[in-house]
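*Asks:* What follows is a structure written as structure tokens; I'll ask about it next.
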Amino acid sequence: MIKKIAVLTSGGDSPGMNSAIQSIVRIAYNKNIKVVGILNGYLGLCQNNMITLNKNNTSNILNRGGTILGTARYLKFYKKENREIAIKNMKKKGINALIVIGGNGTYTGAYKLYKMNFPCIGIPGTIDNDIYGTDYTIGYSTALETVVQAMDKIRDTSCSHQRISIIEIMGRNCGDLTLFAAIASGCEFIIIPEIPYNEEKLIFNIKKNIKLGNKNAIIAITEKICNVKKLAKKIEKKINKETRSTILGHIQRGGSPVSFDRILAFKMSLLAIKLLLKKQFGQCIGIKNNKIIHYDLKHFSKSKHKKLKKKLIQLVSNLY
Ligand code: F6P
């Protein structure tokens, strides 16, 4: 019988994590289930750092970015002895199940706990939208808005100064955020990890674009592909046109969640609690073709990232 559950947020924070926390507390309360919040992800779980969550202390958080529980990247959780401590801490507090909100690493941690017979459910929370099995993750849509707004602003100044502007976008090894932000803001060039990076080709195409009469251009590029400052200098030298680079950085992870993320958080939390009540553990929640679904956490026994559709990659390679 599920009487008390714990919730934690782990890995990079994402807008909407608080919405999920509030939804979990509200839905659990309705089912007479108590909720404990673990502070700072798996690190807090091992340190026995827990608080009681109730309708009062979660009443004003739904619209706030970040996570009131705090988060961490705690790689030592891969050590079995630390997971044993975590399970002991939860059992001592009478916790019957754990809901984790986070990305790939968070899911791997949850799967490992589940394999040690502790009931776990995963809810996807990351701006990268790189989790296998789900079309969207909580936080992605908000980050997309943030990036598009920033790009629109950079376009204003890029256009006034007739410059080339390079904008570096987060995503770790996934080009999803870059790709859709670039489409939404009408970027001239898109560079994502899924398409082999070819600097010569980029410079050739920028020259071609200028010859066609375009006086400015925006290049959207996912982080970790190249040093954008150095790239700007190179382009400036080779094309003889002022070029600037902007690394959007952590503004992409903050801010009040957009309605889509808040509602997604609610729907996913609802299914998470339903699964717990049905004793269907070792699952994670997703959304596929507009339907909230669940599937096995075992896919994440090792980090497993979502891949962009081949057709989409092909289309982008042809158009940009
Ligand atoms: O996973 C979310 C993310 O923001 C990635 O896009 C990025 O590569 C990484 O986290 C940055 O992590 P940190 O804030 O620990 O530097």
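*Asks:* Report whether or not GLY37 is assigned to a loop (DSSP other than H, G, I, E, B) and either more than 16 Å from the ligand (Cβ to nearest atom) or touching a Gly at 6+ places or on another chain (Cβ under 8 Å) (or both).
*Replies:* no
*Asks:* If a residue must be free of Cβ contacts under 8 Å to residues at least 60 places away in the same chain, at positive phi and crowded, with 19+ Cβ neighbours inside 10 Å, how many such residues does segment 1-42 contain?
*Replies:* Adding up the residues that qualify gives 1.
*Asks:* Do you know which of the residues in segment 166-189 that are surrounded by fewer than 22 Cβ atoms within 10 Å (Cβ to Cβ) and not hydroxyl-bearing (Ser, Thr, Tyr) is nearest to the ligand (Cβ to nearest atom)?
*Replies:* So, considering only residues that are surrounded by fewer than 22 Cβ atoms within 10 Å (Cβ to Cβ) and not hydroxyl-bearing (Ser, Thr, Tyr), the one nearest to the ligand (Cβ to nearest atom) is ARG172.
*Asks:* Starting from segment 219-248, keep only residues that are without any contact (Cβ under 8 Å) to a residue 40 or more places away in the chain, then list their pairs with residues that are surrounded by fewer than 15 Cβ atoms within 10 Å (Cβ to Cβ) and of a type outside the set (Asp, Glu) whose Cβ atoms are within a distance under 7 Å, requiring at least 6 positions of separation or different chains.
*Replies:* Sorted first by the residue in segment 219-248, then by its partner, the pairs are ILE225/TYR197; CYS226/TYR197.
*Asks:* Could you tell me how many of the residues in segment 271-320 are more than 20 Å from LEU98 (Cα to Cα), buried (at least 16 other Cβ atoms within 10 Å of the Cβ) and more than 23 Å from the chain's Cα centre (by Cα)?
*Replies:* The qualifying residues number 1.
*Asks:* Does VAL258 fit the bill of being more than 30 Å from LYS4 (Cβ to Cβ), open to solvent by less than 20 Å² (accessible area, probe 1.4 Å) and either in contact (Cβ under 8 Å) with a residue 24 or more places away in the chain or basic (Lys, Arg) (or both)?
*Replies:* No: the conditions fail for VAL258.
*Asks:* Among the residues of segment 149-165 satisfying the criterion of being of a type outside the set (S, T, N, Q), away from the ligand (no atom under 16 Å from the Cβ) and within 18 Å of HIS250 (Cβ to Cβ), which is most open to solvent (accessible area, probe 1.4 Å)?
*Replies:* In this case the residue turns out to be LYS153.
*Asks:* Identify, by number, the condition in (1) on the phi < 0 side of the Ramachandran plot; (2) open to solvent by 50 Å² or more (accessible area, probe 1.4 Å); (3) among the polar types (S, T, N, Q) that THR71 doesn't meet.
*Replies:* Checking THR71 against (1) on the phi < 0 side of the Ramachandran plot; (2) open to solvent by 50 Å² or more (accessible area, probe 1.4 Å); (3) among the polar types (S, T, N, Q), the one that fails is (2).
*Asks:* Separate question: Restricting to segment 48-68, and then to whatever is β-branched (Val, Ile, Thr) and outside any loop (DSSP other than H, G, I, E, B), can you tell me which residue is surrounded by the fewest Cβ atoms within 10 Å (Cβ to Cβ)?
*Replies:* THR52
*Asks:* For TYR114, work out the one condition from (1) open to solvent by 40 Å² or more (accessible area, probe 1.4 Å); (2) in a loop (DSSP other than H, G, I, E, B); (3) closer than 23 Å to ILE287 by Cβ it doesn't fulfil.
*Replies:* In the conditions (1) open to solvent by 40 Å² or more (accessible area, probe 1.4 Å); (2) in a loop (DSSP other than H, G, I, E, B); (3) closer than 23 Å to ILE287 by Cβ, TYR114 misses (2) alone.
The values are calculated or read from the model by the stated rules, or taken from the named source; none is laboratory data. Keep in mind that this is a model prediction, so the values were computed, not measured. Heads up, the Cβs are rebuilt from the backbone with ideal geometry, glycines too, and the neighbour counts pull from every protein chain shown. When the accessible area is computed, the model is the full protein with side chains, heavy atoms only, and any ligands, DNA or RNA have been set aside. Shrake-Rupley method; radii C 1.70, N 1.55, O 1.52, S 1.80 Å.
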